[in-house]
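This report refers to the structure that appears directly beneath it.
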Amino acid sequence: MNLYINSRSVKALLTTVTVLQFALYSSTASAQDLHFTQFNAAPTSINPGYAGAAEQARAVSLYRSQWANLPQAYTGFHFAFDRPLFNKSGGIGVLVSHEEAGAGALRSSRIALQYAYEFKIGPRTFVRPALQAGFVSRSVNLSDLTFMDQLLRQDATTTLESGMMTGKQYQDLGTGVLVVSRGFWFGASADHLNKPNSSLSYDYIERLDVRFCAHGGGRIPLIRGPKSKYAKDIVVAFNYTKQGNIDQFDIGTYYDLDLMTIGVWYRGIPLMQKAADESIDVDALSFIFGFGDNIWHIGYSYDITLSKLGLMSSGGSHELSLKYMWNIARKSSPKSSPPCVHY
């Protein structure tokens, strides 16, 4: 028997294998949730304690294209809105996110509501415990995939495979706490507290591991006073994330001016552990540029891949952020917002 499989069919089969790995083994493939380099532009994405902390209404959108040179690039979109309560006792927020992998064959969308309560523990030092409740929908378009039995049957239009759902919905719960002072901030959060079953298989139950985050930073003033035309600060920040047996550490610094922000970030844990293939655990070096005023901000970041995947193979990762802020308070009050960057 002569068996002919063209290159287009092989590419389609590789796409299918990739998507099925995401769909069937979600506890492994999604061990790291959607992660943005510019998470400080939309901080409620990592901790609901940030809801309303900016003391203004805030609307942020983020778009990420990961490893753009790969044939089935991973993309993610995130929208966040939050605002303080009128009585200054806390804040509320809403998150909407959408992810696509494998040419859009595998999709995941989430909407979540957030509430943060604020109380004072010292001069200009506040604690903000928070809760988050969301709803997630995952789906896979089987018509975009090619299975081995289709190739063996001369590129048949349908597959004989079974056991895959085309969609799955589940609830998702999270919590967090944020400590805010005039010159520093520190927070911790836990997502997927209910460990929902996210598998698209009828035969397997794959529960999401709880995602733990610890993050913070501080602001160091460089120029202040009547002789300085613009405020100039150095901001140092970090974010550590652990989900299942996968963890990630980001550390970076920003040169923050009134109208512009320039930052550089490093991702990886080279001194404490090794990657799965026993190589040094380095992931990426990121450069961030932001521009804007007290109302709107735009930011762009580019991740240079440092792992064995390589920059030439991956093409790096691009990210764009847009933010709009407006005052809603009737009168000003002592600032309790985090002294982080506002690009």
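Any read-out appearing in this document is the output of simple, stated calculations on the displayed coordinates, not a laboratory observation. As the structure is a prediction and not an experimental result, all values here were calculated from the model. Cβ sites come from the backbone with ideal geometry, for glycine too, and all protein chains shown count toward neighbours.
What is the order of D203, D172, D82, fewest Cβ neighbours within 10 Å to most?
On the way: D203 9, D172 20, D82 25.
Ordered from fewest to most neighbouring Cβ atoms within 10 Å, D203, D172, D82 come out as D203, D172, D82.
With the cut-off at 30 Å, tell me which of the pairs K88/K242; K88/K195; K168/K323; K120/K323; K120/K195; K88/K323 have Cα atoms farther apart than that.
Table pairs above 30 Å Cα-Cα are K88/K242; K88/K195; K168/K323; K120/K195.
How much net charge surrounds K120 when only other residues with a Cβ under 12 Å from its Cβ are counted (Lys, Arg +1; Asp, Glu -1)?
Net local charge, K120 excluded: +2.
Let me know the whole percent of all Cα-Cα pairs from the range 163-221 that are separated by more than 13 Å.
Numbers: 1175 of 1711 pairs.
Here the tail beyond 13 Å accounts for 69 percent of pairs.
Can you give the net charge of the other residues whose Cβ lies under 9 Å from the Cβ of S137, counting K and R as +1 and D and E as -1? Spell out each step's value before the answer.
Working: positive: R107, R110, R138, K168; negative: none.
Cβ neighbours under 9 Å give a net charge of +4.
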